[in-house]
């Protein structure tokens with residue numbers, strides 16, 4: 001099973017999505033195949049800035065993360 005990001009586009013009165021040819025070939029997708037698609041909207045990272053509130057200073061959080069890398 002592949003996990004890919006596609007862009008929804010207007011297609012007549014509906015919304016459609018195209019799959020990369022590499023995914024189509026890898027998964028063996030043919031016209032009229034029935035597919036199960038899991039939908040999760042991707043939030044642009046710009047919209048996340050400023051939404052995480054914490055009482056710890058940023059430097060302390062960075063130091064704690066760096067300790068986990070060692």
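The values are calculated or read from the model by the stated rules, or taken from the named source; none is laboratory data. Remember, predicted model here, so these are calculated numbers, not experimental data. Here Cβ is always computed from backbone atoms with ideal geometry, including for glycine, and neighbour counts include all displayed protein chains.
Of the residues making up the stretch 1-57, those that are part of a helix (DSSP H, G or I) and modelled with pLDDT of 90 or more number 7. All conditions but one from (1) within 21 Å of the chain's Cα centre (by Cα); (2) closer than 19 Å to residue 4 by Cα; (3) loosely packed, with under 10 Cβ neighbours inside 10 Å apply to residue 28; the one that does not is (1). Can you name the residue in the stretch 5-24 that is closer than 17 Å to residue 38 by Cβ and exposed (fewer than 10 other Cβ atoms within 10 Å of the Cβ) and, of all such residues, is farthest from the chain's Cα centre (by Cα)? Of everything passing the filter in the stretch 5-24, 15 is farthest from the chain's Cα centre (by Cα).
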